[in-house]
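Data block below; observations after.
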Amino acid sequence: MVMTTQDQTVCYRNVDWLVRWNEKDGAHEYLRGGDFAYDGDGIVHVGRDFAGACAEERDGRGTMIMPGLINLHTHSATMPVLKGIREDMANPSLYMSALYDGWNLFPTPPERKRWNTAYAYGEMLRSGVTTVLDMCYPFPGWVDVADKSGLRCYLGGLFQSAQWSTSNGHSLDYIWAEDGGEAAMASCMAVIEEARQHASTLLDGAVTPMAVDTCTPELIRDAEAESLRLGAPFQLHVGESMIEFLEMTRLTGKSQMQWLEANDLLLEGMLIGHGIFLDHHSWLHWGTRDDLDLLVDIKAAVTHCPVVFSRYGITLESFGLYNDAGVTMTIGTDVFPHNMIEEMRAAAVCGRIADQHMHAVPTTSVFEAATSEAARALGRDDLGRLAVGAKADFVVVDTQVPEMQPLYDPLRSLIHTAADRAVRDVFVGGIERVRDGVVLSIDMADAASQVTATQDELMPDASSRHWAQKPLDEIAPRTLPLAQD
Ligand SMILES: [Zn+2]
């Protein structure tokens, strides 16, 4: 039987707070006391009384309905297993980074990566994420886990020409692949094809070479050509660490952005992962001030992941400066936790500290970064907003939980106080994936126990993978010593 429109339409009545997209202003607005209706995977009404027929009515009182959040930077398959280990870990002789002697301490075997990914996707859903751009070295079952999660997933296989390494703990080596990374790139393009051929319309791909310092210009050029051919988003890590800037300037005499420009590799609309250590960052004391203008010129989007960097004592300089200059600012959860609401809060707080000015980053800006600006970066005007014709990706926030009250401004209460504790239900393409705060599509207890099992399995040999074979309790001492009696 063919379902008619009336058969499928679901309507929330009398929603206390609707975060509605105002097309004329190109901005979100609050609508107090309205109806919200969707039909299949699309929104059909966001306004006052919905007059159409509907198959199901839900009571919207005591709620805010807002667009689902868009997380544009994660590495789900490798990071969850480092929880509890990396939060206080950094190498004092590598500019307080844990990238170079930490990346391979807990290498999850490919056959166990699906649990890390399921766990990360569950955390995202639980915090209101409906779309993710996830970057992983391809592993068996990735597309299947993405499909089962019910998230709208852009899968970006990671590939590169060289792998970081350090043999002495204070300088960086690059181990270059003989083919420059071309074979790895081909396997990542196959993931995009697999995602696009999948029966689920929620799956897509992105072209994501690893980093500006680990890819040859040829590989980046080939990857950009693939991105254009496939019409897929293109992401590159740029400005992630001090070391990266120092290595690039040592080898080429140019900042990363200027090296990309000199090699004709700046791609319009490219997604820049992190974009922190660009030529103007105060720690670098570099002589040019051109990189931010280059970002603006190519209409780049920067994905800011403030939580993990703030743990290192690092922040972007600054969210407000980039935003005001016209860079499309977006947000990602990167390592862990994958809590987009806490990430928005950190973006606001870190941005205000960086500029020493409270108004440098209004809460509005971080909400836009996680919704409409992220959708712009993906080239999707049907995501990140509640508007007729947009996808039914939305979050029902419980405004009655104590953490949301008093309730002068529900987005402020959500972002600065309640976070995921107020996320009640999450829908992606009209399908419920979180109900009453419980992820329906992923068995989180099972995923968590599997991630724990992986960490336990890798722990005994962690020291053997450290450049100096230091014991784990020296690399990452526990917060408290273990009692000896
Ligand atoms: Zn990253």
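Placing unit charges on each Cβ (+1 for Lys and Arg, -1 for Asp and Glu) gives the chain a dipole about its Cα centre, and among Gly437, Ile243, Gly42 the Cα reaching farthest toward its positive end belongs to Gly437.
Which of the three applies to segment 69-379, rounded, prolate or oblate, going by the alpha-carbon gyration tensor with a ≥ b ≥ c and a/c under 1.5 meaning rounded? Rounded. Taking the C-alpha atoms only, the angle from helix 340-355 to the longest principal axis of the chain is near 60 degrees. For Lys148, the lysines whose Cα falls under 16 Å of its own Cα, not counting residues fewer than eight places away in the same chain, are Lys113. Computed over segment 34-73, the quotient of the alpha carbon radius of gyration and 2.2 N^0.38 Å is 1.37. Highest-first packing order for the peptide set 63-73, 244-254, 204-214 is 63-73, 204-214, 244-254, based on the mean count of other beta carbon atoms within 10 Å.
Quick check on packing: order 117-126, 298-307 by the mean number of other C-beta atoms within 10 Å, highest mean leading. Show your work: numbers first, answer last.
Numbers: 117-126: 27.6, 298-307: 24.3.
Top of the packing list down: 117-126, 298-307.
Please identify which residues in segment 416-431 have an amide N closer than 14 Å to a label point set 7 Å out from the Cα of Tyr30, following the Cα→Cβ vector. Counting only backbone N, you get 416. If you take the Cα centroid of segment 378-410 and the Cα centroid of segment 439-483, the two points sit 36 Å apart. Taking amide H atoms as placed 1.01 Å from N in the peptide plane, the amide H of Ala27 lies under 5 Å from those of Asn22, each 5 or more residues away in sequence or on another chain. By the rule of a C-alpha distance below 15 Å, with chain neighbours fewer than 8 residues away ignored, the aspartates and glutamates paired with Lys470 are Asp101, Asp461.
Binning the C-alpha pair distances of segment 226-276 at 10 Å intervals from 0 yields a P(r) profile of 24, 49, 23, 3 %, listed from the shortest bin outward.
Would you kindly state how much longer the chain becomes between Ala53 and Ile353 on full extension, computed as 0.36 nm times their sequence separation minus their alpha carbon distance, in nm to one decimal?
Values: separation 300, 0.36 × 300 = 108.00 nm, distance 5.03 nm.
Roughly 103.0 nm would be gained on extension.
Computed 3J(HN,Hα) for segment 93-101, one whole-Hz value per residue from the Karplus formula 6.51 cos²θ - 1.76 cosθ + 1.60 where θ = phi - 60°, is 9, 10, 6, 6, 9, 10, 5, 8, 10, glycine and proline marked x.
Shape call for segment 238-338 from the C-alpha gyration tensor, a ≥ b ≥ c root eigenvalues: rounded (a/c under 1.5), prolate (a/b greater than b/c) or oblate? Oblate is the answer for segment 238-338, as a/c is 1.5 or above yet b/c matches or exceeds a/b.
Computed 3J(HN,Hα) for segment 272-283, one whole-Hz value per residue from the Karplus formula 6.51 cos²θ - 1.76 cosθ + 1.60 where θ = phi - 60°, is 9, x, 6, x, 8, 8, 9, 4, 8, 4, 5, 6, glycine and proline marked x. Percent of Cα pairs in segment 284-424 per distance bin of 10 Å, from zero to the largest separation: 12, 37, 37, 12, 3, 0.
Before rounding to the nearest 500, sum -39500 (n - 2.57) across all DSSP H runs of length at least 4 in the chain and divide by the residue total; then give [θ] at 222 nm in deg cm²/dmol.
Details: 16 runs with 147 residues, N = 485.
It lands at -8500 deg cm²/dmol.
Here each label is just a point 7 Å from Cα along the line to Cβ, and for Ala445 and His285 those points are 5.7 nm apart.
Among DSSP beta bridges whose residues both lie in the chain, state the antiparallel percentage, nearest 5. All intermediate terms of the calculation are to be shown ahead of the outcome.
Details: 35 of 72 bridges.
So the antiparallel bridges amount to about 50 percent of the total.
One way to sum up the overall shape of segment 1-132 is the equivalent ellipsoid from its Cα gyration tensor, whose semi-axes run 43, 19, 12 Å, largest first. Helix 217-230 axis versus longest C-alpha principal axis of the chain: approximately 20°, rounded to the nearest ten.
What share of Cα pairs, in percent, lie more than 15 angstrom apart in segment 1-71? The partial results should precede the final answer.
Values: 1340 of 2485 pairs.
Summing the P(r) of segment 1-71 above 15 Å gives 54 percent of all pairs.
If the viscosity is 1.002 mPa s and the temperature 20 °C, what Stokes-Einstein diffusion coefficient in µm²/s follows for segment 109-215 when Rh is the Kirkwood radius over Cα pairs? Intermediate values should be presented prior to the final figure.
Details: Rh = 14.9 Å.
Calculated translational D: 144 µm²/s.
Note on segment 271-295 and segment 59-128: Cα centroid distance 25 Å, given to the nearest whole angstrom.
For segment 76-87, putting each phi into the Karplus relation 6.51 cos²θ - 1.76 cosθ + 1.60 with θ = phi - 60° gives couplings of 5, 7, 10, 8, x, 6, 8, 4, x, 10, 9, 5 Hz, in residue order, rounded to whole numbers and with x for Gly and Pro.
For the peptides 357-365, 78-86, 336-344, residues were scored by their other Cβ atoms within 10 Å and the scores averaged per peptide; the highest-first order is 336-344, 78-86, 357-365.
Rule-based calculations on the coordinates, nothing more; no lab input. Please read all numbers here as calculations on a predicted model, not as lab measurements. Methodologically, a virtual Cβ is constructed for each residue, glycine included, from the backbone with ideal geometry; neighbour enumeration extends over all protein chains shown.
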